[in-house]
Amino acid sequence: MPNFPPQNWYNPKIESERNFEKSINTVYVGALSLKDTYIEEYCEWVILQNGRITFDIYSYNLHLDTFEYLKRLRSPFINFYDEGIDYESLPVTLSNYSIGLILYKGSTPNYVYNAPNKLFEYLACGLRVVFPDVMKGIYPYASEIVKPIEFTKIPSISFFLELDREPFFFQEKYSAERATAQLVSKLTNHMKYN
């Protein structure tokens, strides 16, 4: 059964109330490693954009070399929050961003063929999503607001500008309530007849 976020995470007002400045605000939430994610490639690219794009990272689950790398960056365009973020606080925090990133390199079959929880969490919070082209498990969800890229050759800033302009339509089918409704129905029917 999918592990989707609660339906109450989606707030249709978020999209219309966003008031982004000139830069595009991107975010990553979750575990990180230099070996298994494209964190270094993306950080280097963000720095080269010279403020046209910003990047905030929320992670307390990371290797020491990754932690040291992020602390050494000292870029005004990248913020690293090593205390992470509580799951319940994600909707409020993520509403400040326009694009959520998935950065796994696909170094194991699990990362190649799954659609990670963060995909649905980002979508539920009104973010567009960029994911590595090696993650085949996300392709069934690819759309105008969920786009693959090659993180070793990140496209120009115009790719992100166009993605940020796409109208956002939340898919309610990616909520925990919708995913569990069928199970609850079957259990209820089973209890009636036994």
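Values computed for the structure shown
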read-out: For the range 110-123, Karplus couplings with θ = phi - 60° (6.51, -1.76, 1.60), whole Hz, Gly/Pro x; value: 4, 6, 6, 9, 9, 10, x, 3, 4, 4, 6, 5, 4, 4
read-out: Contact order relative to length of the range 79-194, as percent, for alpha carbon pairs under 8 angstrom and 6 or more apart; value: 22
read-out: Surface/4 estimate of mean projected area, convex hull on alpha-carbon atoms of the range 79-127, nm²; value: 4.1
read-out: Mean separation of Cα contacts under 8 Å, 6 or more apart, over the residue count of the chain: relative contact order %; value: 26
read-out: Of LYS118/LYS153; LYS35/LYS136; LYS71/LYS136; LYS71/LYS118; LYS147/LYS186, those spanning more than 27 Å from alpha-carbon to alpha-carbon; value: LYS71/LYS136; LYS147/LYS186
read-out: Amide hydrogen neighbours beyond the local backbone of ILE24, cut-off 5 Å, H modeled; value: ILE53, THR54
read-out: Distance between modelled label sites at GLU83 and TYR113, nm, 7 Å Cα→Cβ extension; value: 4.0
read-out: Extension gain, ASN189 back to PHE168 (0.36 nm per residue minus Cα-Cα distance, nm); value: 3.9 nm
read-out: Amide H contacts under 5 Å for VAL146, placed H, 5+ residues apart; value: VAL129
read-out: Amide H within-cut-off set for PHE80, under 5 Å, with H built and near neighbours excluded; value: ILE57
read-out: Whole-Hz couplings from phi, Karplus 6.51/-1.76/1.60, listed for the range 153-164; x for Gly and Pro; value: 9, 4, x, 5, 4, 4, 4, 6, 4, 5, 4, 5
read-out: For the range 35-154: rounded, prolate or oblate by the Cα gyration tensor [a/c cutoff 1.5]; value: rounded
read-out: The range 89-182: GluC sites (Glu not before Pro) in DSSP loop, at most 15 other beta carbons within 10 Å; value: GLU144, GLU150
read-out: Where the chain is the region considered: accessible area per residue in Å², 1.4 Å probe; value: 55
read-out: Where trypsin sites (Lys or Arg not before Pro) in DSSP loops with at most 12 other Cβ within 10 Å are excluded, longest remaining stretch of the chain; value: 75-152
read-out: Alpha-carbon centroids, the range 33-81 and the range 128-183: separation in whole Å; value: 21
read-out: For the range 59-72, 3J(HN,Hα) per residue [Karplus equation, 6.51 cos²θ - 1.76 cosθ + 1.60, θ = phi - 60°, Hz, x = Gly/Pro]; value: 7, 10, 10, 8, 5, 4, 5, 5, 4, 5, 4, 5, 5, 6
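The values are calculated or read from the model by the stated rules, or taken from the named source; none is laboratory data. For clarity, every value in this text was computed on a predicted model and none was experimentally measured. Cβ coordinates were reconstructed from backbone atoms using ideal geometry, including for glycine residues, and neighbour counts include every protein chain displayed. Note: areas computed on protein heavy atoms with side chains; ligands, DNA, RNA excluded. Shrake-Rupley method; radii C 1.70, N 1.55, O 1.52, S 1.80 Å.
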